[in-house]
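See structure below.
The values are calculated or read from the model by the stated rules, or taken from the named source; none is laboratory data. Being a predicted model, the structure only gives us computed values, none of them experimental. Virtual Cβ from ideal backbone geometry, glycine too; neighbours counted across all protein chains shown. Quick note on the areas: whole protein, heavy atoms, side chains included, nothing else; ligands and nucleic acids left out. Shrake-Rupley method; radii C 1.70, N 1.55, O 1.52, S 1.80 Å.
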Amino acid sequence: MRKNSHFSGHPLYYQVIKLLDKSKVLAYSRDNGGERYTKRFNSWIHLVVMLYAVIMRFDSLREITASLLAETRKLAHLGITFKIGRSTLADANKRRPEAIFEAIYRDLYASYRHVLSSDSRNGKTPKWMKRLQIIDSTTITLFSNLLFKGVGRHPKTGKKKGGIKVHTVIHANEGVPSDIKFTSAATNDSFMLKPATLNKGDIMAMDRAYIDYEKFEQLTRRGVIYVTKMKKSLKYSILSDTMYQTPDGFMEVRIQHVEFVKQVKGREVIHHKSRIITYVDGKKRKLISLLTNDMESDPEEIIAIYRQRWEIELLFKQMKQNFPLKYFYGESANAIKIQIWVTLIANLLLMVMKKGLKRQWSFSGLATMVRITLMYYVDFYSLFNNPEKEWEIILSEASGAPPEPSLFG
């Protein structure tokens with residue numbers, strides 16, 4: 001029997017983890033005390049097993065260990081030469097510092113961000129895209145309110161849900177988190193906006209949860225542009241007000257130059273000037289008001305920048321739909337954070353591999369196919385660039401086969 005036309009000497013998963021540097025993983029672990037009292041289940045094997053679990057979307061430790069038993073003959077390719085029990089994995093998730101997995105993610109991001117970034121020279125990507133950063137957060141609901149303080153109350157029981165909030169910054173031309181912080185769900189988002197970390201020419205797009213006049217004034221002084229959505233409750237003085245209409249007499253865009261004044265206790269009064277751009281959203285059929293300190297750019301560009309903010313919402317949706325973030329492999333804060341970091345690592349690795357393909361795939365379609373073929377001996381790029389190839393060969397062989405002999409011929 002001939003081999004599959006996509007045959008590889010290693011399982012597809014081996015090709016995924018080749019993007020990782022084993023020596024760096026172990027070095028980060030030693031630096032953070034992750035190799036103490038460890039005989040065989042070191043941080044590299046821990047990472048390989050957890051990555052396998054989140055890519056396969058397993059919901060429990062039992063599913064992980066049962067699947068590893070079923071794939072015993074293929075595990076040597078991954079560096080696993082012994083049986084891994086549930087207690088071993090549970091203890092590692094509880095005790096091995098999550099800072100190790102954070103360091104691994106940040107190193108991977110630094111190594112592969114140039115692969116992920118889109119090129120603004122192709123004419124399709126706006127020039128401002130390279131300078132645009134998007135900031136937002138997403139809450140991952142937990143069953144318990146003991147580890148992370150919840151927010152809101154159940155309308156019937158009055159109980160708060162536990163939740164961990166993942167605060168995220170992405171560069172718009174990369175599509176993966178460049179900075180991440182974990183807090184309880186009750187934490188206000190605005191702490192993540194740090195003017196001191198930004199440079200002249202940077203652009204920040206954010207929702208109205210980040211409105212802070214003091215920080216906005218700091219951004220302006222540093223030459224950083226921000227674009228956010230207005231809050232209805234904001235108080236300001238109007239310096240100028242101009243409305244532009246369509247040929248039919250309808251409002252197209254309204255531009256207001258305004259000034260905000262805020263008295264900070266024990267400090268000088270903050271004065272901040274900005275521009276409100278109000279436009280008609282045709283799809284939602286309502287007026288949208290944006291706030292920005294960019295006093296010169298065309299309103300259409302400011303609107304386009306804010307619409308690009310949706311990219312971070314798509315990232316959150318992508319991660320929650322394609323990886324297991326409803327069920328956790330441990331109940332401790334450390335175990336929960338490890339699983340989220342490993343999910344971020346898996347997402348980044350698949351994004352890097354997706355970038356190397358000539359064929360266009362949706363992330364969801366790619367993640368599903370990777371999950372199905374993860375332990376198959378197939379070459380990733382051969383299979384995903386031409387998944388129909390094997391069928392074409394089979395059909396070609398069938399059509400060229402000699403006729404079946406007949407008893408009555």
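Return the residue satisfying two criteria in turn: it lies in segment 180-223 and is among the β-branched types (Val, Ile, Thr) and in contact (Cβ under 8 Å) with a residue 60 or more places away in the chain, and of such residues it is farthest from residue 299 (Cα to Cα).
That would be 180.
Just to be sure I understand, how many residues within segment 6-42 are over 14 Å from residue 381 (Cα atoms), over 23 Å from the mean Cα position of the chain (by Cα) and of a type in the set (Ser, Thr, Tyr)? Within segment 6-42, residues that are over 14 Å from residue 381 (Cα atoms), over 23 Å from the mean Cα position of the chain (by Cα) and of a type in the set (Ser, Thr, Tyr) number 4.
Within this structure, residue 62 fails the test of being exposed (fewer than 15 other Cβ atoms within 10 Å of the Cβ) and without any contact (Cβ under 8 Å) to a residue 24 or more places away in the chain.
Criterion applied to 317, 326 was being part of a helix (DSSP H, G or I), at negative phi and open to solvent by 50 Å² or more (accessible area, probe 1.4 Å), and the one residue passing it is 317. Going by the structure shown, is residue 376 open to solvent by less than 50 Å² (accessible area, probe 1.4 Å), farther than 21 Å from residue 176 by Cα and modelled with pLDDT under 95? Considered against the rule, which asks whether it is open to solvent by less than 50 Å² (accessible area, probe 1.4 Å), farther than 21 Å from residue 176 by Cα and modelled with pLDDT under 95, residue 376 comes out as no. Meeting the requirement of 2 or more residues that are charged (D, E, K, R), the helices (runs of 4 or more DSSP H) wholly within segment 332-389 are 333-355. Could you please find all residues in segment 188-247 being among the β-branched types (Val, Ile, Thr), closer than 22 Å to residue 178 by Cα and part of a strand (DSSP E or B)? Matches in segment 188-247: 203, 225, 227, 228. Scanning segment 364-373 for residues that are in contact with a Lys or Arg (Cβ under 7 Å, 6 or more places away or on another chain) and open to solvent by 10 Å² or more (accessible area, probe 1.4 Å) yields one hit, 371.
Against the criterion of being among the acidic types (Asp, Glu), out of contact with any Leu (no Cβ under 9 Å at 6 or more places or on another chain) and exposed (fewer than 14 other Cβ atoms within 10 Å of the Cβ), residue 207 does not qualify.
Considering only residues that are open to solvent by less than 80 Å² (accessible area, probe 1.4 Å), part of a helix (DSSP H, G or I) and not hydroxyl-bearing (Ser, Thr, Tyr), which ones fall in segment 25-39? Hits for segment 25-39 are 25, 26, 27. With respect to the conditions (1) touching a residue at least 12 places away in the same chain (Cβ under 8 Å); (2) under 16 Å from residue 89 (Cα atoms); (3) more than 26 Å from the chain's Cα centre (by Cα); (4) surrounded by 15 or more Cβ atoms within 10 Å (Cβ to Cβ), residue 74 lacks only one, and its number is (2). For segment 250-282, the candidate set comprises residues that are surrounded by fewer than 15 Cβ atoms within 10 Å (Cβ to Cβ) and within 19 Å of residue 299 (Cβ to Cβ); within that set, the residue that is modelled with the highest pLDDT is 252.
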